[in-house]
Amino acid sequence: MRTTLSIVALLILSSAVLAQGELRTITVNGTGSSSVAPDRASVQMSIIARSATVAAAQEAAATVTAKVLEMTSTLGIDRDRVDTTGSSVRPDYRWNRETEEQELRGYIAQRQMRVDVRDLDKLGALVEGAVEAGVNQVSPPQLDSSKRRDAYREALDAAAKDAQANAAQLAQSLGAKLGDVLQISTLSQPNPPAPMMRMAMAESMESSAPETYNAANLNFDATITAVFELVE
């Protein structure tokens, strides 16, 4: 009886190994893309103040910061959308060629701020207002969308359909039929926010109208790899 059970188990195991060995697969890639209009932006600013003392440099930087906060409030930007992301103070040295030594000229206070904008029509006024308030550096606005995740999923869906179409075409060329998908993996990540390019003034340089910005669509790309079974 024990011998009979052993033979049956061996036959079942052999059949499973044989079936697994006969499994034919095909591996393909698929790509997809989607686009969405931006509806938000982030603006990075740097405030740099120099003075003879630490206190004076910090006070000068704080004055510009207060002006920026007042300006953003006037534009209707919520206070919780304006953050101070960094603050530092360092000595300001210069090299004296005569004494061949470094001389302390004073101190530099620096602050970094980030403003998140939910109304892109306010970007021009925000950038110009920041410069007028005394901000030293304003980075190009970074575009983004509240529908970023949905747009990337649309790109993934298109990539999956592309992979299936590629696999079906190859299977047909090989005289086989496409079976179930056995494995799928992504080879891409959602695109980061894109910088916004500045447009020319809507009117002449003497105009007091704020600059406008080109809010081009954001593009999202996805690439996947899929393994399909080939059947007779």
* Structure fact -> Using alpha carbon centers only, the range 19-69 is separated from the range 85-136 by a whole-angstrom value of 19 Å
* Structure fact -> Percent of all alpha-carbon pairs of the range 40-144 at distances over 20 Å, whole number, is 43 percent
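I want the antiparallel fraction of DSSP beta bridges within the range 40-144, as a percent rounded to 5. The partial results should precede the final answer.
On the way: 30 of 30 bridges.
About 100 percent, rounded to the nearest 5.
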* To do: Using a Förster distance of 35 angstrom, determine the FRET efficiency expected from the C-beta separation of R105 and S42, and round it to 0.05.
  => 0.55
* To do: Give, in nm to one decimal, the length gained when the segment between L187 and R114 is fully stretched (0.36 nm per residue of separation minus the Cα-Cα distance).
  => 23.1 nm
* Which lysines does K147 reach when only Cα atoms under 23 Å apart count, and residues fewer than 8 places away in its own chain are ignored? -> K122, K161
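Quick note: the coordinates plus some simple rules give every number you see, no bench work behind them. Remember, it's a predicted structure, so these values are computed and weren't measured experimentally. Because the Cβ atoms are built from the backbone with ideal geometry, glycine has one as well, and the counts that use them run over all protein chains shown.
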